[in-house]
Amino acid sequence: MSDARDFTRGLCRGTTRLLAQQGFATLTEVTLGNGRRADILALGGAGEIRIVEIKSSPADFRADRKWHEYRHYCDRLYFAVAAQFDEALIPADCGLIRADAWGAALLREAPLLLLPAPRRRALLLRFALLAGHRLNQFLDPQFNAAVEP
């Protein structure tokens, strides 16, 4: 496995730890209704849905032209970056998380933009089905009843 991939996975792990401390359940690498894949999809107890995009470097951020498309699939959108990342690159209307492999800190809260009810329902169902499927795969890796929903 490459060092860059390990670094990105570390940022993801630290970020999911922060979200868990805030009361959110998380799934990683989730395909959304528009075909885009969110790095982290988080679900809070009150039904709030957050998406966090992991950016391992300024070049990674600059090359990503699709992040705007995530706004339609969450109540709050964040970027998680490493300590050496220039936070001025992250748009002011997005949340900002500073992360490493062991934890993370929320530097800037994202604005709340409520999802329409039908899309929220579809995302909640997607989250539940995907979580259940992944749990089944973990508990019984030899049985592959279906592909991820």
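Every number in this text was worked out from the coordinates using simple rules, so none of it is lab data. Everything quoted here is computed from the prediction, not taken from an experiment. Counting neighbours? That spans all protein chains shown, and the Cβs are built from the backbone with ideal geometry, glycine included.
At-a-glance table
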{"quantity": "Among the residues listed as Ala46, Ala42, Ala59, the single one being free of Cβ contacts under 8 Å to residues at least 40 places away in the same chain, loosely packed, with under 15 Cβ neighbours inside 10 Å, small (Gly, Ala, Ser) and under 23 Å from Ala131 (Cβ atoms)", "calculated": "Ala46"}
{"quantity": "Test: residue in the range 88-96 that is surrounded by fewer than 16 Cβ atoms within 10 Å (Cβ to Cβ) and in contact with an Asp or Glu (Cβ under 8 Å, 6 or more places away or on another chain)", "calculated": "no"}
{"quantity": "Members of the range 71-122 that are assigned to a strand (DSSP E or B), touching a residue at least 24 places away in the same chain (Cβ under 8 Å) and among the hydrophobic types (A, V, I, L, M, F, W, C)", "calculated": "Leu77, Phe79, Ala80, Val81, Ile97, Ala99, Ala104, Ala105, Leu106"}
{"quantity": "Single match in Leu11, Leu27 (criterion: under 22 Å from Phe85 (Cβ atoms) and surrounded by 15 or more Cβ atoms within 10 Å (Cβ to Cβ))", "calculated": "Leu11"}
